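First up is the structure itself, then whatever we jot down about it.
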Amino acid sequence: MNKQQYVIGLDFGSDSVRALLVNASNGDELCSGVSLYPRWNKGLYSQADIAQFRHHPRDYIEAMTSAVQQALADCSPEIRQNIVGIGVDTTGSTPAPINQDGEVLALLDEHADNPNAMFILWKDHTSVSKAELINQLAHGGQFPDYTRYVGGIYSSEWFWAKAAWVSEQDPQLAESIYSWVELADWIPALLSGTTAPDTLRRGVCGAGHKALWHESWDGLPDQAFLSAISPTLDGIRERMFQQVYSADQLAGRLSPNGLKNWV
């Protein structure tokens, strides 16, 4: 008789992480846990009056760890021993700057309290002017309409507007930025020890909708378009990604080194 198998779902919301353990064969919900983001819930790093909302990566790590521990504590040893997968979903677009090693800059001591080095939450609208510029460039005739497959209008909630805005507002930080990563891609990479830019797998949903990736223009928008958004994005295309992955493909396998340095 085949053993039952189980999976954990992790939902990263605006205020907390929820962990849910389910039976993989029938979807029965068995155990769960919820943990608030400690820094976020103290009101740190955000300024509502200017629509700035930032999440520290350590909030994700600590809350995820707590939520999973809560869920597993309520399950039998047999269930815990037969967990075969972890699925992740997050708010989007929630990007963060990374260095050449794939580390989110706020995890480094020198940037630990810099909001610009953190994840920029979906509802952060500080980059409205950059979104307007992206729309002008996409619809002006000089470049392909890179908004063609995302509804025709680019939002200040999305990837490139935020990356350009933050880099321009913080030139000193910009010197440390090698690339950018979406939260939905970073969490699986963190768990699997694949955060290095050359191993980090990017989901097609975030890449296509938020970063304007499409196979008809060979991946991401042309470098000239990205540089027109901001000179701080010069050279960024070759430091990003070409290949994307759908949700039915593995982002990686759980690594004993994945969270070793952070919990």
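Counted by Cβ distance under 15 Å from Ser129, the other residues give a net charge of -2, where Lys and Arg count +1 and Asp and Glu count -1. Note on the chain: Cα convex hull, mean projected area over all directions, 14.7 nm². Label reach from Asp11 (point 7 Å along Cα→C-beta): in the stretch 177-196, amide nitrogens under 17 Å belong to 184. Please give the residues of the stretch 68-106, grouped as numeric ranges, whose backbone N is less than 13 Å from a label point set 7 Å along the Cα-to-Cβ vector of Glu29. Output list for this probe position: empty. For the stretch 229-236, 3J(HN,Hα) computed residue by residue from phi via the Karplus equation (6.51, -1.76, 1.60; θ = phi - 60°) reads 5, 6, x, 5, 9, 3, x, 5 Hz, glycine and proline entered as x. For the stretch 92-102, 3J(HN,Hα) computed residue by residue from phi via the Karplus equation (6.51, -1.76, 1.60; θ = phi - 60°) reads x, 8, 10, x, 9, x, 10, 8, 5, 8, x Hz, glycine and proline entered as x. When you filter the trypsin sites (Lys or Arg not before Pro) in the stretch 50-153 for DSSP loop state and at most 15 other Cβ atoms inside 10 Å of their Cβ, you are left with Lys123, Arg148.
Highest-first packing order for the peptide set 95-106, 10-21 is 95-106, 10-21, based on the mean count of other beta carbon atoms within 10 Å.
The GNM of the chain, with springs linking C-alpha atoms under 10 angstrom apart, assigns the highest mean-square fluctuation among Glu62, Glu168, Glu238 to Glu238. DSSP assigns beta bridges within the chain; of those with both partners inside it, close to 75 percent run antiparallel. For the stretch 1-156, treating each Cα as an identical point scatterer without solvent, what Debye log10 I(q)/I(0) comes out at q = 0.10 1/Å? Each listed q maps to, in turn, -0.51.
Each helix, a run of at least 4 DSSP H residues, gives -39500 (n - 2.57); summed and divided by the residues of the chain, these come to -7500 deg cm²/dmol at 222 nm.
Since every read-out is calculated from the coordinates, none of them should be taken as a lab result. Note that the structure is predicted; figures quoted are calculated from it, not measured. Ideal geometry is used to build each Cβ from the backbone, glycine not excepted, and the neighbour counts take in all protein chains shown.
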